[in-house]
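Since the structure comes first, as structure tokens, the remarks are kept for the end.
The values are calculated or read from the model by the stated rules, or taken from the named source; none is laboratory data. If you're wondering where the values come from, they're calculated on a predicted model, not measured in any experiment. Reconstructed Cβ throughout: ideal geometry from the backbone, glycine too, with neighbour counts over all protein chains shown.
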Amino acid sequence: MSTTARLDTSRSAGAVKGSEPLLQVKDLQTHFFTAEGVVEAVAGASFEVYPGKTLGIVGESGCGKSVAAKSILQIVDRPGRIIGGEILFTYQDTSGTYQQIDILSLPEDSVQMKAIRGGEISMIFQEPMSSFSPVHTVGNQIVEAMRLHTNLDKEAAERTAIEWLSHVGIPNPAERMSEYPYRLSGGQCQRAMIAMALSTNPRILIADEPSTALDVTTQAQILNLLQRLQAEHGMAMIFITHDLGVIAELADEVVVMYLGRIVEKAPVNELFSNPKHPYTRALLTSIPSIDAQPRERLPSITGSIPHPNARPPGCPFHPRCPDFMAGVCDQKEPKLANIGENHAASCFLYPGC
Amino acid sequence: MVTPETTATANGAAMAEDVVLRVDNLKKYFPLLRGFMKRQVGIVRAVDDVSFSIRQGETVSLVGESGCGKTTTSRCIVRALEPTDGKILYRTDQGRVFDLAKMRQADIRPLRRDFQMVFQDPFSSLNPRMTIYEIVSEPLRVHNIGSRSEREDRVADLLRRVGLRPEYMQRFPHAFSGGQRQRIGIARALSVNPRMIVADEPVSALDVSVQAQVLNLMMDLQDELGLTYLFIAHDLSVVNQISNTVLVMYVGRVAEIGPPQALFKSPKHPYTAALLASLPKPDPLQRHARTIPEGEIANPANPPSGCYFHPRCPYVIEQCKQETPPLEEIVPGRYVSCHRAREIELVV
């Protein structure tokens, strides 16, 4: 391959000052244009990703967390389309000056977009087995990613791939290089996926439910591995999950989504100790716990998540909300507003929303 | 619970009065076939010597990771699979005891009313071409119960009972959310007034906010109708919520049996402790360096010698590599299969 897809960047650690966001998503809107109507999968989401930190995006099915992540890489499946917003990515060019680029201004098949996708920002998925190509060996796929995004020649890329496989805890990495993905267990496959994602030395890793399909002991291993790799390589992470336990284990900052909207945003300790939005509160009290008394009834949220085609008017959570105020919540939609230091929520219980 | 049985019963087995189901040394082996001649190259011990019993009105949970045999055990009990060996003693409400493991399918049919199943995936376990009425009344039709109008009344009553509106009867499954579909599955299971419900991961496909509703519903129904549950799950917190007794399984064998709180507060088997340590805690202030087990779940087609957990166990000694530990009562009500259960202190 003669062309490598790269941005003109220096990938040194700390290329961006810790206090400056690496990625700023502003008012992102991704809609799905289906035969039954327009589904607002992401309806105005804004969040920031800081170097070396983990942003957790949590929500239940249909909340738009995966679509938001895929929008960052412009890999939203049809009939989905990004129809508005900005995704600002900050990087330092080879001369050392900071550059900011709006990812959404790049055509999805442009050289720059390809450089960002998999090079600057990598992604791992829930089903590692179906994210790998079944007809190429694990080694070939990792080498291909590296050849596309780095200057390494074939031999060097192969050596680095073996190093990465060993680094993520795969036994006999040199032999594993020539295996096909189906020969690996779920946990091993996810490790290989992580090796591939990180082999290009990205500055942001997007992890979309990477441990959900795995057994508990394997999940714990993968989470520990991601934390270790983050400490060693300093990449930022966007971690998407439905599991508040996983969020509590590894997020620094948390965004809670419901039906395409961000309902609350706070640092992890603040969110768990002082949740403000009724949805966040309800979610936290409805998690079963091994410390609870057996046979105790859990407080549960009434009703179910509305179908995306039948979004309720006003605040999307109002039909299930214990703090519902008639004439307010069902009339207009609350804005995400700051309600404390680094703490934002979108609920009419708080002034400014 | 696995207690000594006293009452003599019809076929000679002893079984305590309040025990509905007792599983003795259940085994299910699958042949491992290779090549186009389907040569047998080995066996998979999916369930290997599992024993437990369930009392009337109680919940016993089978918990473990993939390949531990929890689903295979339950499928043997409802005889969707033929057990290789062992007994499955079932006591009817008239007090007669049958060994389901030995019975012919035709003889089991009258007993099938007593056992109903609830499945994991509410999207694939309901026929998309049948209305809710047809789905919920199907067990009634199979067992020839009631006239059409009686069945309609029964379905309406069942839907109300599981928290759905009877007007939904003529709709198709696609109109319902995951949680509502699981309620429909529960209504179908209840239609023939079963004594026992075998629920295989009934809440794992549901969102957290809906999971709690379905668990609460299952507990309410159990209290109202005196149902006995065999509950299969991989999530320890869910199991804690609903069970009277928990069986922790690993690669086809029982690791530990006990009441949930005792088991989770002071596990006696290193595998139970490993599961607990791996569980993410929803409290960021409790973040800690966890000692989680290395390696992967053993392959049931090619398991290690001795105790199957020994290659991953931090407390392994020579004996563990040689001998399979027996399931022994360590403390009253606590059964553990570990050579070192009496000497090691496990902290969670």
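Worth pointing out:
- Of all residues in segment B:231-275, those satisfying the criterion of being touching a Pro at 6+ places or on another chain (Cβ under 7 Å) and of a type in the set (A, V, I, L, M, F, W, C) are B:238, B:239, B:246, B:251, B:273, B:274.
- Scope segment A:66-104; condition under 16 Å from residue A:202 (Cβ atoms), in contact with a Pro (Cβ under 9 Å, 6 or more places away or on another chain) and modelled with pLDDT of 95 or more; matching residues: A:74
- Scanning segment A:137-168 for residues that are touching a residue at least 40 places away in the same chain (Cβ under 8 Å), touching a helix residue (DSSP H, G or I) at 6+ places or on another chain (Cβ under 8 Å) and part of a loop (DSSP other than H, G, I, E, B) turns up A:150, A:168.
- Filtered residue count, segment B:127-144, keeping only those that are surrounded by 15 or more Cβ atoms within 10 Å (Cβ to Cβ) and more than 28 Å from the chain's Cα centre (by Cα): 1
- Only one of the listed residues (B:199, B:175) is of a type in the set (A, V, I, L, M, F, W, C), within 18 Å of residue B:125 (Cβ to Cβ) and within 14 Å of chain A (Cβ to nearest Cβ). That residue is B:175.
- Only listed residue being in contact with a helix residue (DSSP H, G or I) (Cβ under 7 Å, 6 or more places away or on another chain) and of a type in the set (Gly, Ala, Ser), chosen from A:303, A:234: A:303
- Being under 22 Å from residue B:70 (Cβ atoms), touching a Phe, Trp or Tyr at 6+ places or on another chain (Cβ under 8 Å) and surrounded by fewer than 19 Cβ atoms within 10 Å (Cβ to Cβ) is a description that does not apply to residue B:296.
- Looking across A:312, A:316, one residue alone is buried (at least 17 other Cβ atoms within 10 Å of the Cβ), in a loop (DSSP other than H, G, I, E, B) and of a type outside the set (Gly, Ala, Ser). It is A:316.
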